[in-house]
4 protein chains.
Amino acid sequence: MRRLKYAMVGGAMGSFIGPIHRMAVRMDNLADLVAGCFSRNGRTNAASAAKFRIDPGRAYADWESLIAAERGRIDFLVVATTNETHYAIAKAALKAGINVFCEKPLSLTLREANELGRLAARSGCVLGIPFTYTGYPMVKLARDLVRRGELGHIDKVVMEYVQGSFRKPDRRTTWKTDPKIAGPSCVVADIGVHAFTMIEYVTGLEVKSLLADLSSFSNSAGLDDDASILMRLSEGAKASLVASKIATGEENGVRLKVYGDKASLSWDQEAPNYLSVKYPMRPEMVYKRKAPYVGEVSPRSVAASRFPAGHHEGFVEALANIYDEFVAAVISGRSRDFPGAIAGVRSMRFVEAALKSSKAGCRWVRV
Amino acid sequence: MRRLKYAMVGGAMGSFIGPIHRMAVRMDNLADLVAGCFSRNGRTNAASAAKFRIDPGRAYADWESLIAAERGRIDFLVVATTNETHYAIAKAALKAGINVFCEKPLSLTLREANELGRLAARSGCVLGIPFTYTGYPMVKLARDLVRRGELGHIDKVVMEYVQGSFRKPDRRTTWKTDPKIAGPSCVVADIGVHAFTMIEYVTGLEVKSLLADLSSFSNSAGLDDDASILMRLSEGAKASLVASKIATGEENGVRLKVYGDKASLSWDQEAPNYLSVKYPMRPEMVYKRKAPYVGEVSPRSVAASRFPAGHHEGFVEALANIYDEFVAAVISGRSRDFPGAIAGVRSMRFVEAALKSSKAGCRWVRV
Amino acid sequence: MRRLKYAMVGGAMGSFIGPIHRMAVRMDNLADLVAGCFSRNGRTNAASAAKFRIDPGRAYADWESLIAAERGRIDFLVVATTNETHYAIAKAALKAGINVFCEKPLSLTLREANELGRLAARSGCVLGIPFTYTGYPMVKLARDLVRRGELGHIDKVVMEYVQGSFRKPDRRTTWKTDPKIAGPSCVVADIGVHAFTMIEYVTGLEVKSLLADLSSFSNSAGLDDDASILMRLSEGAKASLVASKIATGEENGVRLKVYGDKASLSWDQEAPNYLSVKYPMRPEMVYKRKAPYVGEVSPRSVAASRFPAGHHEGFVEALANIYDEFVAAVISGRSRDFPGAIAGVRSMRFVEAALKSSKAGCRWVRV
Amino acid sequence: MRRLKYAMVGGAMGSFIGPIHRMAVRMDNLADLVAGCFSRNGRTNAASAAKFRIDPGRAYADWESLIAAERGRIDFLVVATTNETHYAIAKAALKAGINVFCEKPLSLTLREANELGRLAARSGCVLGIPFTYTGYPMVKLARDLVRRGELGHIDKVVMEYVQGSFRKPDRRTTWKTDPKIAGPSCVVADIGVHAFTMIEYVTGLEVKSLLADLSSFSNSAGLDDDASILMRLSEGAKASLVASKIATGEENGVRLKVYGDKASLSWDQEAPNYLSVKYPMRPEMVYKRKAPYVGEVSPRSVAASRFPAGHHEGFVEALANIYDEFVAAVISGRSRDFPGAIAGVRSMRFVEAALKSSKAGCRWVRV
């Protein structure tokens, strides 16, 4: 089998997200990084290329040159830049017939996302987006438990995605509150979209409308840093979400609870190798990643696990699981279990609806 | 010191809440039960009276006779009946100059609650309400940490009070979904009021307005069994609350998180002897009930504790703490640390606002 | 039914254990405290009697007078004094035909315990001992799960009972390290006996021999403040126990794990309303106190529960459960589910064996 | 910088431990796998080599050929075979001047381990052993907290390493109970050595003597599958360890508690990104991996962390941390923070002492 090759825009050494992508790709030995435009700063770009053992001739000064020169030579492009550039880069790459794995949010506006979605469909290129939490084995088990009817009819979803990052004096990602770079939303576009995607992924339901109350408590240039969002889903289900960057002392609290009429489930990203299922008339059951009984319910949860139960997996394995499926789609051309163009577009519908609802004084808005 | 005496309406043997009240009063040996109208069923009433060693002449066929005969002979009356009778009984008792400890909700309507509040003020009688969660030592510590400014300015409160009781085939409290007995609200009036009261108690802030989305998922005769409520508090804080009786598999999940700009706190009724405080730049701190360092911050938390740290206290101790303060107020005539008329009235404003908001399609309504 | 009456030796106001006993007896309204010798200090004794509303004529200067005067007038005597007096008081009471509820350790020596055991048998009096942890509903469930064979053959028990009390600068119970008052052992006699009793209670097995390594790390006058003890039980099972008073920062860590060849269980006194059962090929199951499914396995666990699942019970309820059974035995004259003479004697065999083994350089010693 | 190259013996595709080593090496992009003898089965060997993209000419039929052909061409050799071959392969490699990263146990006997230790010293080659738990960032923080005196003088260590693997009907690693392959010990040599190494690593103390009670509860051919071990450490500290493979339902329970006279710490591998520190007179403090305050105490804990606090790391990151240090030692020739020859030899002294003590009826034996 031919060895896959990929390039990256953004993600210079020292960045937060770049190394995570590279580690995730290396974890299952999926592809080699062969080209990049890691930074707009020439020296950082060159130094990064050297560190990543990239041929200097394939370290490009700008992403336009990269796409022009690498089309046909790489299997996919990872876009790990700041938000405001996602759309243009992804668009150019898709037009050049290059598969794209693009950081969230997919774009600054829904219109742009729609365009990328159409472009991906038309070009036959694969578009992947790291909604990483959908890559966790126990989240896949959750989805399969729902699908098998273990929870019965789903009535209510309660979710929180809370961080205290905006309370830390030293936070370096200041661009996230600069509307020119981050776009019109901060907390909803940055982490709210993860929550939204997880809810639709696990329940298999669609969010039909929402009502959002966005706030700006910290010095975040007027961008939302806290959100309470109510949602109405298909089949009569409802959801309540809190997403926040001002949840002092929280690191990365992603907690999902799904209540059906037969059972409920809960998953907490801070103990990601467990999934709890509760029943009205039976003891709570705690599933453990890759334990023998998981396979009976969710073969794909087991397939997305590397180490035996008790040997913990975490964030990078979850991202690697998404890359595994993305790369499989790149190779096979067939749809696989990873968040792609549809999830990307839907997440931007969610962002726009939330902004609109909050501005209108918390009206219900269709998603 | 004279030994205090009390009577009870409702709470026959076999009822859920009656024995808890009696145990709580006995715990700190506060008063003797000397009279009662425990049940409208004559035999149950007599049998209960015998079991509680009440003089048969003080077991009354109806509460009107009890109040008429016992005024001046008892120090307080405990009202442990179903919702629809609270108002009339409390009103009659207060008019007779009897101190009242009345189950929540205080009444079926805000108008009635207002009347009881005025009556209590005018009569000089003490009115107590078992918002039991405010009696937990670690909740008192939480309040004192907030008061001392440990959390800084409070921006956001996230709370859930979730039960799965309406998913159990055998639930016996069917009256809770009968509007004639329960009143116009089920989940908000039954447990939402606990959450509301805790939020105001711990933060020291006032809920100014709310937006509620009430649902009726189970066969609950159209009464709300699930609620998502957004709130705006004084000083610019916001709150998000989920209260539910259809949270399958949950027993009694009362979880409160308060996020200030300096620190946050969280308390979980399922591990009630702990309080966690998180900071942006320091390790999370876990306080343990009655540990030496608690006293430095909250003498009243220690005063509300009976056993050394590590020897767990629970629900009945929390209710006993409320009775301790109520009885101290009865004796001293002075205001103490327990939920009284004001909390009762405010909780009914909350219920009415929630019903109104939900009916109006989730509009903001003043509380 | 006649109302029961009891007297107490020791346990003046301000003591640790006295109020707990009184609360436990009040909890289920079992008996009235009518007499006492609460303190050797005359003023404290009188003040305590007044506070407890005891007839001054029944507040005795010494326990000998109490027993002489109260024989035939009380149903049982609670002994809540320091260790060195347990034997003499219990002996005199039993000889006087008075039922005795005596704090642990039952005596300072095995010889004394044996004598008390024989005396109880001969006199027909009931002897109860507050090995409180056996009173927890989830410990009763544990025992019943074992009895029903849910765990299969038990191979291994791992237990710890760890406190950090001897690391606190302010600890008031200094008598526990005074051999004249505490006897020849501190940690083993004070808390090791709880662990030992729990192990035999839950497993239904007998400890046959042990090997103990006792230490004295803190300034504890040469008495043991830390112990590692290996045990061999009937039917080939083994146990490993750590009991310590120098476990810095621990409050009252009582944690029991029982491993059978089909399943295992674990219980942690810091979350006493849960019991976890683990299987090789099924998800972990978490039982919750008084949930419907508990009754199918252990009616007595449900019977020992007061409040619905989710409303937490703790230490005083556990002690009250032991009193419930003790009082039922007092009334009926029949054996019930509480730790009595046999448990008292066995626990002293355990203490003596541990001292002997450690002194002999950690030899195996028969229990 | 030259790109490092390595070879592997054992670890064919489908094996448990082989893929983990390869992932760990890839995680930080440390070296390329260029040669191997992955299986004694020729077809499996060839298929594995193909899958790993190894030049077929560098897939060897036996390890002797590999060492002969690859000496001077590879930077290190990973030994991932079954126990009985470790010694011979490591010996041959060291003699050939090849750095070795060898699975535990280092050998079957102490004599062999000593020889390998001497050989490593003499040859100047680096010997690394995957005592993976010492690679966790929070374990490194634990060590540094001890070093800085935060715990004061260490008195007691309580550790358990419990698995239920031998209770699973389908366990595939049957060789672990075959003395010809596993050697004279199963549970002590397989997981006890991890616990032993962690204790010495975190406390900085030396185990001086031990007393072991080994059992064989499951059908494990007479080899130990359960162990209770008491230890005496330097500076008067004591330790109690339970290691078991028959702890039904446990997956991989590695739990360490260290009690000093000022504070204690506890770490649980099932929640590896947290470290708890308890004090007598202050709230419990919970440290979170890579949080800002960790760096003040333990720069190396932060250096061993990849993702921000809240994004969980697990088993493979811990192993990668050990490889990072091993490879740094390979490059620099200087000693680094990873378990090497000394840890390997000491762990075998531990195994031999445990076997000897148990055989002698639980006598104290010098380590």
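The values are calculated or read from the model by the stated rules, or taken from the named source; none is laboratory data. Everything numeric in this text was worked out from a predicted model, so none of it was measured. Neighbour counts run over all protein chains shown; Cβ positions are idealised from the backbone, glycine included.
Take B:R167 and decide whether it is out of contact with any strand residue (DSSP E or B) (no Cβ under 7 Å at 6 or more places or on another chain) and under 30 Å from A:D224 (Cα atoms).
Criteria not met by B:R167.
Determine whether region B:208-224 contains at least one residue that is out of contact with any Ser or Thr (no Cβ under 8 Å at 6 or more places or on another chain), outside any loop (DSSP other than H, G, I, E, B) and farther than 24 Å from B:F166 by Cβ.
Scanning region B:208-224, I find at least one residue that is out of contact with any Ser or Thr (no Cβ under 8 Å at 6 or more places or on another chain), outside any loop (DSSP other than H, G, I, E, B) and farther than 24 Å from B:F166 by Cβ, so the answer is yes.
Restricting the search to region C:290-325, which residues are of a type in the set (F, W, Y), within 11 Å of chain B (Cβ to nearest Cβ) and in contact (Cβ under 8 Å) with a residue 40 or more places away in the chain?
C:F315
Condition (residue is closer than 23 Å to A:Y87 by Cβ and of a type in the set (K, R)) applied to region A:206-225: is it met by at least one residue?
no
Here's the yes/no breakdown for (1) assigned to a helix (DSSP H, G or I); (2) modelled with pLDDT under 95:
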| position | (1), (2) |
| --- | --- |
| D:L108 | no, no |
| D:E112 | yes, no |
| D:R143 | yes, no |
| D:G149 | no, no |
| D:Y161 | no, no |
| D:P169 | no, yes |
| D:A189 | yes, no |
| D:V193 | yes, no |
| D:V202 | yes, no |
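If a residue must be out of contact with any His (no Cβ under 8 Å at 6 or more places or on another chain) and either closer than 23 Å to A:E235 by Cβ or assigned to a loop (DSSP other than H, G, I, E, B) (or both), how many such residues does region A:114-141 contain?
Residues meeting the conditions: 9.
Output the residue which, of all residues in region A:136-148 that are surrounded by fewer than 24 Cβ atoms within 10 Å (Cβ to Cβ) and in contact (Cβ under 8 Å) with a residue 60 or more places away in the chain, is farthest from D:A309 (Cα to Cα).
A:R148
For D:E251, are the conditions met, namely being among the acidic types (D, E), touching a strand residue (DSSP E or B) at 6+ places or on another chain (Cβ under 7 Å), within 11 Å of chain C (Cβ to nearest Cβ) and more than 18 Å from C:C362 (Cα to Cα)?
yes
Do we find that A:V365 is within 30 Å of A:D213 (Cα to Cα) and touching a helix residue (DSSP H, G or I) at 6+ places or on another chain (Cβ under 6 Å) in this structure?
It is true that A:V365 is within 30 Å of A:D213 (Cα to Cα) and touching a helix residue (DSSP H, G or I) at 6+ places or on another chain (Cβ under 6 Å).
Please indicate, with yes or no, whether at least one residue in region B:275-289 is within 21 Å of the chain's Cα centre (by Cα), within 14 Å of chain A (Cβ to nearest Cβ) and buried (at least 24 other Cβ atoms within 10 Å of the Cβ).
yes
Sort out for me the helices (runs of 4 or more DSSP H) sitting completely within region B:1-74 that have 1 or more residues that are loosely packed, with under 13 Cβ neighbours inside 10 Å.
Because the criterion is at least 1 residues that are loosely packed, with under 13 Cβ neighbours inside 10 Å, the helices (runs of 4 or more DSSP H) in region B:1-74 that meet it are B:42-51, B:63-70.
Can you name the condition, by its number, that D:D261 falls short on among (1) facing another protein chain (nearest Cβ under 8 Å); (2) at pLDDT below 95?
(2)
Could you list, in sequence order, all residues of region D:3-40 that are away from chain A (no Cβ under 14 Å) and free of Cβ contacts under 8 Å to residues at least 24 places away in the same chain?
D:R40
Among the residues in region C:322-338, are any over 21 Å from C:S123 (Cα atoms), modelled with pLDDT of 95 or more and either touching a His at 6+ places or on another chain (Cβ under 9 Å) or buried (at least 20 other Cβ atoms within 10 Å of the Cβ) (or both)?
yes
Would you check if B:F315 is modelled with pLDDT under 95 and either more than 30 Å from B:S216 (Cα to Cα) or outside the structural domain of B:D213 (by TED's automatic domain parsing) (or both)?
No.
Would you check which residues across region D:243-256 are touching a Lys or Arg at 6+ places or on another chain (Cβ under 9 Å) and crowded, with 24+ Cβ neighbours inside 10 Å and list them?
D:S244, D:K245, D:I246, D:A247, D:T248, D:G249, D:E250
If you check D:E317 against the conditions, is it among the charged types (D, E, K, R) and over 30 Å from D:G124 (Cβ atoms)?
It is false that D:E317 is among the charged types (D, E, K, R) and over 30 Å from D:G124 (Cβ atoms).
Is it fair to say A:S240 is farther than 20 Å from C:Y279 by Cα and either within 10 Å of chain B (Cβ to nearest Cβ) or not aliphatic (A, V, I, L, M) (or both)?
Answer is yes for this residue.
Output the number of the condition that A:D190 fails; it satisfies all remaining conditions of (1) free of Cβ contacts under 8 Å to residues at least 24 places away in the same chain; (2) among the charged types (D, E, K, R); (3) buried (at least 23 other Cβ atoms within 10 Å of the Cβ).
(1)
I need a count of the residues in region C:225-237 that are facing another protein chain (nearest Cβ under 7 Å) and either without any contact (Cβ under 8 Å) to a residue 24 or more places away in the chain or surrounded by fewer than 23 Cβ atoms within 10 Å (Cβ to Cβ) (or both).
2
Residue check: is B:T177 in contact with a Cys (Cβ under 9 Å, 6 or more places away or on another chain) and either of a type outside the set (A, V, I, L, M, F, W, C) or more than 9 Å from every other protein chain (Cβ to nearest Cβ) (or both)?
So B:T177 fits the description; yes.
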